[in-house]
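The values are calculated or read from the model by the stated rules, or taken from the named source; none is laboratory data. For clarity, every value in this text was computed on a predicted model and none was experimentally measured. Cβ atoms come from the backbone with ideal geometry, glycine included; neighbour counts cover every protein chain shown.
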Amino acid sequence: MLFKGQLLKMSTQYASPIQYYLNLSDDLLNMNQLFNKKISIKHTGYQCVNCGRNEKLYRMGFCKKCFFESPYASESIIRPELSTAHLGTEERDIAVEEQIQLVPHIVYLAYTGEIKVGVTREKQIPTRWIDQGATFALEIARTENRYEAGMIEVALKEHVADKTNWRKMLKDEMEGDLDLEDFRNKVKENFPEEFEKFYSGEEKVWKMDFPYEANEKISSVNLEKTPEFEGVLKGIKGQYLSFEDGSVMNVRSHEGFVVEVEI
């Protein structure tokens, strides 16, 4: 069977195990049903996730023009502490920025090979954690807007990592017991005083059950360098497809690629 379209990040369903759907121009392909099957992926072009033009992509699935102009690629998307919508100040499009920034946000701790701190909109829970390949996650603060969450993250990331090391995440080697609640209690003292009121004592620790087993050796597939790839799909973690030979492909980093997928 042959499927064609613009590659977007996989849609997910929180279940045991996590259910994954490859998104090709909004047509969804259930990937859990394809484990142990040979899959061929061929890169045939580009389609900017914003304007749709067939141009070489710059970052995050955007062509260069859209990356520097679209409100969906503004600096506050990457660095929440730079949000200005709460001040009524526009970055690129105040209407879009209000929709993104002036909603409840969660500051969280997640285990992705090591404990990290992060920020996401409340409605993105647990999707954000699934996309990052977090085995466990726990909220540490609940704020009214993106700026407040960003300022808490800035303070905490002086003591906790704020990036996911994809190799550690995929190695899946957790040593000893992990107590996120105890860790949260320890880092609480690093909260900025003016934002202490947003601290969350939420007891629920989320656990993500990924359909994935780590390979001894892991190598990354880049469709820009290798436009055609073929392998037997064995599992998925985060936004990574994992193949029998140890190859892994980050679907998120290939957003905007036009591909042909043959099963």
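Among the residues of the range 181-207 satisfying the criterion of being hydrophobic (A, V, I, L, M, F, W, C) and over 25 Å from Asn145 (Cβ atoms), which is farthest from the chain's Cα centre (by Cα)? I'd like the intermediate steps shown before the answer.
Applying the first criterion (hydrophobic (A, V, I, L, M, F, W, C)) to the range 181-207 yields 183, 187, 191, 195, 198, 205-206.
The next check asks that each one be over 25 Å from Asn145 (Cβ atoms); those that pass are 183, 205.
Working: Phe183: 23, Val205: 19 Å.
Ranking the candidates gives Phe183 first.
Is there a residue in the range 219-228 that is among the aliphatic types (A, V, I, L, M), within 22 Å of Thr127 (Cβ to Cβ) and out of contact with any helix residue (DSSP H, G or I) (no Cβ under 7 Å at 6 or more places or on another chain)? I'd like the intermediate steps shown before the answer.
Of all residues in the range 219-228, those among the aliphatic types (A, V, I, L, M) come to 221, 223.
With the extra rule that they be within 22 Å of Thr127 (Cβ to Cβ), the set shrinks to none.
Checking the range 219-228: not a single residue is among the aliphatic types (A, V, I, L, M), within 22 Å of Thr127 (Cβ to Cβ) and out of contact with any helix residue (DSSP H, G or I) (no Cβ under 7 Å at 6 or more places or on another chain).
Look at Lys204 and say whether it is over 30 Å from Phe3 (Cβ atoms), at pLDDT below 95 and not in a loop (DSSP other than H, G, I, E, B). Spell out how you get there, then give the answer.
Numbers: over 30 Å from Phe3 (Cβ atoms): yes; at pLDDT below 95: yes; not in a loop (DSSP other than H, G, I, E, B): no.
So Lys204 does not fit the description; no.
In this structure, does Glu97 turn out to be touching a helix residue (DSSP H, G or I) at 6+ places or on another chain (Cβ under 8 Å), crowded, with 16+ Cβ neighbours inside 10 Å, modelled with pLDDT of 95 or more and within 22 Å of Met60 (Cβ to Cβ)? Walk me through it before giving the result.
On the way: touching a helix residue (DSSP H, G or I) at 6+ places or on another chain (Cβ under 8 Å): yes; crowded, with 16+ Cβ neighbours inside 10 Å: yes; modelled with pLDDT of 95 or more: yes; within 22 Å of Met60 (Cβ to Cβ): yes.
In short, yes.
Tell me whether the range 148-171 contains one or more residues that are surrounded by fewer than 21 Cβ atoms within 10 Å (Cβ to Cβ), aromatic (Phe, Trp, Tyr) and over 22 Å from Glu81 (Cβ atoms).
no
A quick yes/no check of all residues on (1) touching a His at 6+ places or on another chain (Cβ under 6 Å); (2) in the same structural domain as Asn30 (by TED's automatic domain parsing); (3) under 23 Å from Trp129 (Cα atoms):
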position: Asn215; (1), (2), (3): no, yes, yes
position: Leu223; (1), (2), (3): yes, yes, no
position: Phe229; (1), (2), (3): no, yes, no
position: Val232; (1), (2), (3): no, yes, no
position: Gly238; (1), (2), (3): no, yes, yes
position: Leu241; (1), (2), (3): no, yes, yes
position: Ser247; (1), (2), (3): no, yes, yes
position: Arg252; (1), (2), (3): no, yes, yes
position: Val258; (1), (2), (3): no, yes, no
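Residues that are farther than 23 Å from Lys9 by Cβ and either under 19 Å from the mean Cα position of the chain (by Cα) or hydroxyl-bearing (Ser, Thr, Tyr) (or both): list the helices (runs of 4 or more DSSP H) wholly contained in the range 63-162 that include at least 1 such residues. Quick ask: steps written out before the conclusion?
Details: elements: 64-69, 75-78, 94-101, 127-132, 146-156.
The qualifying helices (runs of 4 or more DSSP H) are 146-156.
Those residues that are in contact (Cβ under 8 Å) with a residue 60 or more places away in the chain and of a type in the set (Gly, Ala, Ser), I need them from the range 59-106; list them, please.
Gly61, Ser76, Ser83, Ala85
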